[in-house]
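> I'd like to ask some things about the structure below.
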Amino acid sequence: MKTNPLASISQLTDADLLSRVKSLVSRERTATAWLVAHLAEVDERRLYLGEGCSSLFTYCLQVLHFSEPETNLRITAARAARRFPEIIEQLADGRIHLSAVGKLAKHLTVENHDELLGAAEHKTRKEVEKLVAAVDPQPDVPSTARKLPTPSESAESHLFQTRLAPAIVAPLAPERYRIQFTASAETQDKLRRVQDLLKDKDPAVIFDRALTMLLDSLEKTKFAKTARPRKSPGTKANSRRGSAAVRREVWKRDGGQCTFVAPDGRRCTERGNLHFAHATAYALGGAPTAVNLRLRCAAHNAHEADLDFGPGTSLIRRNRKRPP
Ligand SMILES: [Zn+2]
């Protein structure tokens, strides 16, 4: 039988209740500060790679099950704390909250961090925003004149609107998504012309057909996927990347997704920026065959180069560009 945790709490005296709240807040802050400090070290060692994640962000989301905003705050704080370790202590004793660190992080410098972190103590998020505005004043937002839709205009098409709005892809019900974005007059004109030529005038149907054609065309160029594959010349087939036919086979077999699997069995979910990686390295005699090639995301490709050829193989790349 399930117990109701609120039942025992309802029996506490007012004084006990308030004292326990204070103690819990203190424990929560200590735990958060320590978590941030540990995440900073996980980030430094890139341990998320071995856990089947291409970035610390993915690790926080998929393995630790934080939400996106929770993840962003913790990663920002972890990276800021690597530069200014006093942040950990400030978080632990509640002088500063994660939101404040999030707002300040990119404005902190060796020269101003003492002053800024001090000024942010026990401040609300709004007050911290004012501190940031003082250090990094933004120009006035220029006045703009934009065409806004009249109700009749926006009713014409529920997909293409001339309203200034960020693109939205929101699930409405299982397997149903609402997609909304701002389109140019040229796009709207193209849609009308396509609608004139087609029987089904539904923008959702047209959008899907257009995407199918674009996807096909992109895959053709990116992964050498063709409807009638040509026989590769022998010399090309021996190239490091593998022939078009081999790459097509590997892409299909691996389902267009990184195939790195963590010891606990979870597979990397990355589908962007994929590489055809060699199971046995090319330099060690690995052939560019379907058996030896597999899809790997950029992060796991670099991770395995480090494992194969020693740490530091991917260091130059790593210092040049950090994953988000
Ligand atoms: Zn991966």
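> Ser314: modelled with pLDDT under 90, surrounded by 13 or more Cβ atoms within 10 Å (Cβ to Cβ), of a type in the set (Gly, Ala, Ser) and within 16 Å of the ligand (Cβ to nearest atom), yes or no?
Answer is yes for this residue.
> Condition check: surrounded by fewer than 19 Cβ atoms within 10 Å (Cβ to Cβ) and of a type in the set (Gly, Ala, Ser). Does Ala7 satisfy that?
Against the criterion (surrounded by fewer than 19 Cβ atoms within 10 Å (Cβ to Cβ) and of a type in the set (Gly, Ala, Ser)), Ala7 qualifies.
> Name the helices (runs of 4 or more DSSP H) wholly inside the stretch 56-140 in which the number of residues that are under 26 Å from the mean Cα position of the chain (by Cα) and free of Cβ contacts under 8 Å to residues at least 12 places away in the same chain is 3 or more. Outline the logic, then answer.
Working: elements: 56-62, 68-83, 86-92, 98-104, 113-119, 125-135.
Qualifying helices (runs of 4 or more DSSP H): 68-83.
> Quick one: which helices (runs of 4 or more DSSP H) sit completely within the stretch 179-252 and have at least 1 residues that are modelled with pLDDT of 75 or more and of a type outside the set (Lys, Arg)?
Values: elements: 185-197, 203-223, 234-237.
Counting at least 1 such residues, we get 185-197, 203-223.
> Moving on. If you take the residues of the stretch 253-265 that are of a type in the set (D, E, K, R) and either under 19 Å from Asn292 (Cα atoms) or modelled with pLDDT of 95 or more (or both), which of them is nearest to the ligand (Cβ to nearest atom)?
The selected residue is Asp254.
> Among Cys53, Cys60, which is within 16 Å of the ligand (Cβ to nearest atom), in contact with a Ser or Thr (Cβ under 6 Å, 6 or more places away or on another chain) and either more than 25 Å from His303 (Cα to Cα) or not assigned by TED's automatic domain parsing to the domain that holds Cys258 (or both)?
Cys60
> Given the residues Ala302, Ala281, Ala290, which is the only one that is modelled with pLDDT of 90 or more and away from the ligand (no atom under 16 Å from the Cβ)?
One residue alone meets the criteria, Ala290.
> Within the stretch 34-44, identify whether any single residue is within 16 Å of the ligand (Cβ to nearest atom) and over 15 Å from the mean Cα position of the chain (by Cα), and answer yes or no.
No, the stretch 34-44 has no match at all.
> Consider Ala92 carefully, then state whether it is surrounded by 19 or more Cβ atoms within 10 Å (Cβ to Cβ) and away from the ligand (no atom under 16 Å from the Cβ).
No.
The values are calculated or read from the model by the stated rules, or taken from the named source; none is laboratory data. Quick caveat, the model's predicted, so the values are computed rather than measured. Heads up, the Cβs are rebuilt from the backbone with ideal geometry, glycines too, and the neighbour counts pull from every protein chain shown.
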